[in-house]
Each structure stands twice: as structure tokens, then as C-alpha cells.
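K.L.:
Submitted below is the structure of interest, expressed as C-alpha cells.
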Amino acid sequence: MADASREYWIDGQDAPGSSDARITVENPATGEPIGSVPVGAPADVDRAVDAAQRAFDQWRWTPANERADLLHEAAQRTLSTAPSLVDALIREQGKARPEQEEEVEWSATTLRYYAELARNNRGRVLPSGEPRTQLNFVLKEPYGVVGAIIPWNFPLLLLAWKLAPALAAGNTVVIKPSELTPLVTLDWIRSCFDHLPAGVVNVVTGTGPEAGEALVRHPGVRVIAMTGSVATGQRIATVAAPMMKHLHLELGGKDAFVVAPDAAVADSVEALTYAALFNAGQVCTSAERVYVPAVMHDEFVEAAAARADSVRVGDPAGDVDMGPMAAARFRDGVAAHVDEAVDRGATLVTGGRVPDGLDRGYFYAPTVLAGVDHKMTVMREETFGPVVPIMAYDTIDEAIARVNDSPMGLGATLRSSDPVLVKRFFEEVKVGTVWINDPLTDNYAGPFGGMKLTGGGRELGEEGLESFMETKHVHWDLSPDAKDYWYPY
Ligand code: NAD
């Protein structure tokens, strides 16, 4: 296979690292190296931020409709480059092909949505104290340089959710992709954004603690927009606090999936299988805890296990439903959750092992656990793998209490057609997104993000644009004359 190695993208061109140190990137389905990128040092981050600061002086004054045209062009290029981006995602990230195709398409949609939204308005006019002679208005301004720190599970889409609103609002951006997926990020930016003025978008690769933290510490970066784990978010918040940076953190989840007594087993199992196994369970909104009525439990567990067994697992270069996990350490972490649950008395109904014939790469079989409880790690901490732990409940009160019994609050799903129960559920659960019957579906006009330790940031929708605009109030008295309310009293 051709070597896909890349350098940084700084100031509109490929730029080498300041040292020879490289990160080797692997195909998670085979464990084979596919290319490498430089290990970013603080000096490299400085170069990228300098370029972004210079570009900001021009980009912030570019008319919004011109910025919109440039973002539409990026969207069009994304769609016309889709086949090669999908192949690059498959090689580097590991989701099944239909999921990669959706990622590329949705990234283009995000660019189009914010291209239009950002030219709609830039503030509001207020009634002033003296309507004839004074004008009061609120201006929405770009911050300056935005640092975008990205995870590996949706390397293009979660970047698009930051990049599109940040650019549309007039900011410039320095991207630090995940160490696991830097190649496809660089491919996308090089091929689809090189018509933007130099320095408006820059990419520096490297590790989180070094390149990532250098970006967080850099005094020239006003906003850090990051998606990742709670632990990384807490670290970033600690480092950024003394500089009062604007933080936009989209962190981990432990989403609950509740089956109501009125729900049909078969369709709920289909919905659950999709919600739990999409991207091998490596979605922040994956269904990670399942609650079913006690009377339905045995039938549901049996059907869920049969459906999990029928999921086609394999190299996403072929025709499969589910690919590998992203790295060996993530598979080990998932196995540790499953093993601990079994040690504490859970029943391993299916899975819990490497699938037959898939010893290369980082595969883990779709796994169903029954007899779990909230003392087990698999019901408390993010598992981030293809694991479906199912717990019985006796009353809806108990089910809602279980949903809220989590330090994280990203999303939750309810399967029900009972309107009284549905309303009670979406009012009482402490999460940022509630799905009724149809899990994981996003709407680009609707905000996405979480409550509690998930971080409280919102992407998509008007809220997702607002995050990249700073608010200024202007009080304008049209007359320079002295006022009778000044000294002397
Ligand atoms: P991660 O936290 O390990 O890494 C995310 C990014 O942060 C990477 O680019 C990494 O290099 C960088 N980073 C790590 N340490 C850093 C530091 N000290 N300073 C600055 N940057 C640093 O997460 P991951 O394993 O890449 O992604 C999986 C996690 O992301 C899961 O917890 C998942 O739930 C979460 N996630 C959340 C959402 C959401 O919208 N809430 C969406 C997708 C993924």
C-alpha cells in the first residue's frame, strides 16, 4: 500500500516538523502502519498560531457572504472527494463503509448549514434610553484564533462541527487532530480548504499532552473547542483557567436506553443494536446502559444476543456491519469492563472475546451482558465499545432514577408510544439530547451536547455558532454635548 505520510498544514502549505520525530499511524483492522506525521512540539504550534493570527486580520473583515461562498466551495469539494476520503477513513479509523460515507456527507452538510447561518445576523439592536439620540446594539464578533482539538471516532465530522461555525463567524483555526487519525484530517484540509486564504486553517499533528497542551497554553489562542474524554476536558480546563480562555468542551457520555413496558421487543432490539454497535460502540452517544421491564427481561436479552450474533464483523474494506476498535488499549479497556462485570456476578450472554478469525487488528465481538447493576464499572464509566449491558427494572420511577444515576449527561433514548410517559421522560432526565424511539439521529439545526461532566458545550444549531462569537454591547450617543446627569450633581 502507498505510504500516506504527511507533514503539517501551515499558512496554506505543507510544513515539516521542527524535529525528525514521527507518529506512526496504523490501520486498526490489520495493525499495519499506513503512514506517519510529525510529533508536534510547542515551536510548531507557535508557527501555526502565528499564521492563524496574521490571517485573522484579513478573514474577520471578509464579507460574510464571501466567507459563505468559500465554505460552500469546501462543501462541494468534500462531496466530490468523498470516495477517496471514505477510503482514507476506512484505512485509518475503522468504521463500516456506510458509516464513513455518512461522516463525509454530514461534514459537507455542516459546512453548508453554517455558511448560510453565519450571514444571517451579527447581533441585535436594543431600545435605547433616549430613542431619538441614542443607539444601543449588541455586536457578535469573532474571537480570533480558535484551537480545535479532535478525537478519532469521527475525525472529520467532529472537526466540521467546530471548523464550519468558527470560520463562518470570522475566526481562524489551528487544528490538533487525534494521534490515531491525523492523515485523513490532513487529506481533507489539504484537498478541500486550500482555496481559503493562507493561514485561515492550519493543522499541527502530535500528542495531546505536548502539541494539544501547547495549543491550550498559547496566549494567542482565545478559544479551545475540544471533543474528547472527561479526563482530557478536565485537564484542559485546569490549564486554560488562569488565562480565562473561552472553552467549548464536548466530553464523554454514558447514555441510557430505556425500553418502556408498551414497546415491542423486536423493533426495540433493532434500535438498540444500531445505537450500541454503530462504530463498534465508539460513539459518545452510544447506548451504554439498557433498562428493560422485568417482565420483558428474559425475552429481550435472548433477542438482543441473537441480533448481536448476526452482526457481520470484519475489515471495513469489505462488506461488514461493524469494524474494529480503534486501538489495542481501547479493546483492553472494554474487556476489563466486561471481565469485572462477570467477576461481580453478571452473565455473559454472548461475545466477550475476539471474534473467530479476526486476530489481526483490534476486533472485539458484540457482547451482551445480563444481570448487571450500578456497582459494576460497565454501568458507571464510559465503556466505548460494542457492549450491551441489560438491567431489569420494576417501575418507571426506578428506570428514570437509573438514567439520572450517572455523573455524565450526554443523551438518552426511550422506546415508547405512551405520550404521558414520553413527556415525563424528556422533562425529568438530565441529558442534552433525548431520543424518542429513534436513537442517535442528529438534526443540524438542533444543538448537540451534554450536561454534568459531559461539559455543557453545544455544537450544531444557532448555539453552535454562538460559541464562536464574542458579545459586545455598544452604547452610542449621537450628540457630543455634555449631559445633565454628569457632574456636578
Ligand atoms: P481523548 O480525550 O483521549 O483525546 C481527544 C483529543 O484531545 C485528542 O486530539 C488528544 O490528542 C487531545 N488531548 C489529550 N490530552 C490532551 C491535553 N492534555 N491537552 C490538550 N489536548 C489533549 O479522547 P479520544 O479517545 O480521542 O475520544 C474518545 C472520547 O471522546 C470519549 O470519551 C468520547 O465520549 C468523547 N467524545 C465526546 C463527544 C461529544 O460530543 N460529547 C463526541 C465524540 C467523542
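The values are calculated or read from the model by the stated rules, or taken from the named source; none is laboratory data. The model shown is predicted, which means the values in this text are computed figures rather than measured ones. Here the Cβ is made from the backbone with ideal geometry for all residues, glycine too, and neighbour counts use every protein chain on show. Accessible surface is based on the protein model in full, side chains and every heavy atom, while ligands, DNA and RNA are left aside. Shrake-Rupley method; radii C 1.70, N 1.55, O 1.52, S 1.80 Å.
K.L.:
Among GLY371, TRP59, THR227, whose Cα sits farthest toward the positive end of the charge dipole of the chain (+1 at Cβ of Lys/Arg, -1 at Cβ of Asp/Glu, about the Cα centre)?
P.N.:
Working it through, the farthest residue towards the positive pole turns out to be TRP59.
K.L.:
While we're looking at this one, here's another question. If the viscosity is 0.890 mPa s and the temperature 25 °C, what Stokes-Einstein diffusion coefficient in µm²/s follows for the stretch 255-436 when Rh is the Kirkwood radius over Cα pairs?
P.N.:
151
K.L.:
Using 1/(1 + (r/R0)^6) with R0 = 25 angstrom and r between the beta carbons of LEU135 and TRP486, what's the FRET efficiency to the nearest 0.05?
P.N.:
For LEU135 and TRP486, the calculated efficiency is 0.80.
K.L.:
Same structure, new question: Nearest 20 debye, what's the magnitude of the dipole of the chain about its Cα centre given +1 on Lys and Arg Cβ and -1 on Asp and Glu Cβ?
P.N.:
So the dipole magnitude of the chain works out to roughly 1260 debye.
K.L.:
Calculate the dipole size of the stretch 255-436 relative to its Cα centre from +1 charges on Lys and Arg beta carbons and -1 charges on Asp and Glu beta carbons; express the result in debye to the nearest 20.
P.N.:
380
K.L.:
Further question on the same structure: What do you get for the angle between helix 64-80 and the principal long axis of the chain? Use alpha-carbon atoms, 0 to 90 degrees, nearest ten.
P.N.:
Roughly 30 degrees between the two axes.
K.L.:
Filter LYS162/LYS472; LYS245/LYS375; LYS245/LYS452; LYS140/LYS423; LYS95/LYS423; LYS162/LYS254 down to the pairs with a C-alpha to C-alpha distance above 31 Å, please.
P.N.:
Going by Cα-Cα distance, LYS245/LYS375; LYS140/LYS423; LYS95/LYS423 fall outside the 31 Å limit.
K.L.:
Note the angle between two axes, namely the Cα long axis of helix 328-343 and the longest principal axis of the Cα atoms of the chain, as a number of degrees from 0 to 90, rounded to the nearest 10.
P.N.:
50
K.L.:
Which peptide among 222-230, 256-264, 399-407 comes first, and what is the full order, when sorted by highest mean count of other Cβ atoms within 10 Å?
P.N.:
Put in order of decreasing packing, that is 222-230, 256-264, 399-407.
K.L.:
Net charge around PRO38, counting only other residues with Cβ within less than 10 Å of its Cβ (Lys, Arg = +1; Asp, Glu = -1)?
P.N.:
Around PRO38, the charge tally is -1.
K.L.:
Averaged per residue, what accessible surface does the chain expose to a 1.4 Å probe, in Å²?
P.N.:
Heavy-atom accessible area per residue stands at 41 Å².
K.L.:
Whose amide H sits under 5 Å from the amide H of LEU358, counting only residues 5 or more places off or on another chain, with H placed in the peptide plane?
P.N.:
none
K.L.:
Rounded if a/c is under 1.5, else prolate if a/b is larger than b/c, else oblate: which is the stretch 14-111, with a ≥ b ≥ c the root eigenvalues of its Cα gyration tensor?
P.N.:
It comes out oblate by the Cα gyration axes.
K.L.:
I'd like the GluC sites (Glu not before Pro) in the stretch 379-423 restricted to DSSP loop residues with at most 14 other Cβ atoms within 10 Å, sorted by number.
P.N.:
Those that pass, being in a loop and sparsely packed, number zero.
K.L.:
Using a/c under 1.5 as the rounded threshold, could you call the stretch 129-182 rounded, prolate or oblate? The axes a ≥ b ≥ c are square roots of the C-alpha gyration tensor eigenvalues, and prolate needs a/b larger than b/c, oblate otherwise.
P.N.:
Taking the square roots of the gyration eigenvalues as a ≥ b ≥ c, the stretch 129-182 is prolate.
K.L.:
So, one more: Rounded to the nearest percent, how much of the accessible area of the chain (1.4 Å probe, protein heavy atoms only) is carbon and sulfur?
P.N.:
53
K.L.:
Net charge around VAL239, counting only other residues with Cβ within less than 15 Å of its Cβ (Lys, Arg = +1; Asp, Glu = -1)?
P.N.:
Net charge around VAL239: +3.
K.L.:
Using mean Cβ contacts within 10 Å as the protection proxy, how do 204-212, 367-375 order, highest first?
P.N.:
Going by the mean number of other Cβ atoms within 10 Å, highest first, we get 204-212, 367-375.
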